[in-house]
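> Quick one: the structure is below, and I'll ask about it shortly.
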Amino acid sequence: MISRDWYDILAIHLNCMSRNYKIRDQSKLYFVSYATVNWIDVLIRPVYKDIVIDSLKYCIENKGLEIYAWCIMTSHVHLIIGTKQDKIEYILRDHKRHTSKEITKAISDNPQESRHEWILWMLERAGKKNSNNETYQFWHRNGEPSG
């Protein structure tokens with residue numbers, strides 16, 4: 001497994017700039033990044049970061065996700081991943097859907113979150129720009145300009 005070509009690992013960064021991740025070979029490793037909308041530093045709080053970690057653990061145990069390197073920053077996540085079961089794009093879709101709902105709920109339910117009104121307002125504002133959302137959008141959509 002470690003003999004995989006580094007060129008292939010980095011190739012996903014170019015391939016995932018469109019709306020959906022383009023995983024052309026499930027047997028290779030891929031570098032993926034995803035950020036919160038407007039780069040909100042939500043993941044600075046351990047309670048929200050733990051939701052991401054727990055979801056990744058679930059994907060490892062139940063979906064065949066293989067994580068070779070990871071870094072959770074305050075507003076985004078970097079992963080070098082592979083799979084031995086489900087397709088990577090399906091794993092990422094489910095992981096992002098689950099974490100977005102759980103973190104948004106945790107923010108909403110946390111009376112000690114000093115910025116919860118502002119964060120929810122920002123997530124709702126972003127959600128209104130995408131007709132696929134029920135209310136909020138937590139993760140930045142791939143392919144959109146970020147800044």
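Readers should treat all values here as calculations from the given coordinates under stated rules, not as data from a laboratory. All values reported here derive from a predicted model rather than from experimental measurement. Please note: Cβ atoms are built from the backbone with ideal geometry, for glycine as well, and neighbour counts cover all protein chains shown.
> Packing-wise, with mean Cβ within 10 Å as the measure, how do 110-119, 42-51 rank, highest first?
Working: 110-119: 12.9, 42-51: 16.9.
Averaged packing, sorted descending, gives the order 42-51, 110-119.
> Oh, and also: Scattering from the C-alpha atoms of the stretch 6-128 alone, worked out with Debye: what is log10 I(q)/I(0) at q = 0.11, 0.19, 0.22, 0.23 1/Å?
Computed log10 I(q)/I(0) values: -0.39, -1.05, -1.31, -1.39.
> Quick one: which of Lys22/Lys129; Lys63/Lys129; Lys84/Lys105; Lys22/Lys63; Lys96/Lys129 span more than 29 angstrom between C-alpha atoms? Could you put the intermediate results ahead of the total?
Values: Lys22/Lys129 24 Å; Lys63/Lys129 31 Å; Lys84/Lys105 31 Å; Lys22/Lys63 18 Å; Lys96/Lys129 18 Å.
From the list (Lys22/Lys129; Lys63/Lys129; Lys84/Lys105; Lys22/Lys63; Lys96/Lys129), the Cα-Cα distance tops 29 Å for Lys63/Lys129; Lys84/Lys105.
> Continuing with the same structure: Compute, for the stretch 6-128, the length of the dipole vector about the Cα centre, with Cβ point charges of +1 (Lys, Arg) and -1 (Asp, Glu) only. Units Debye, rounded to 20. Mind dumping the intermediate values first?
Values: 18 positive and 15 negative charges, 77 e Å.
Using only the charged Cβ atoms, the result is roughly 360 debye.
> Residues of the stretch 61-90 with amide nitrogen under 15 Å from the 7 Å Cα-to-Cβ point of Asn132?
Zone members listed by number: 89-90.
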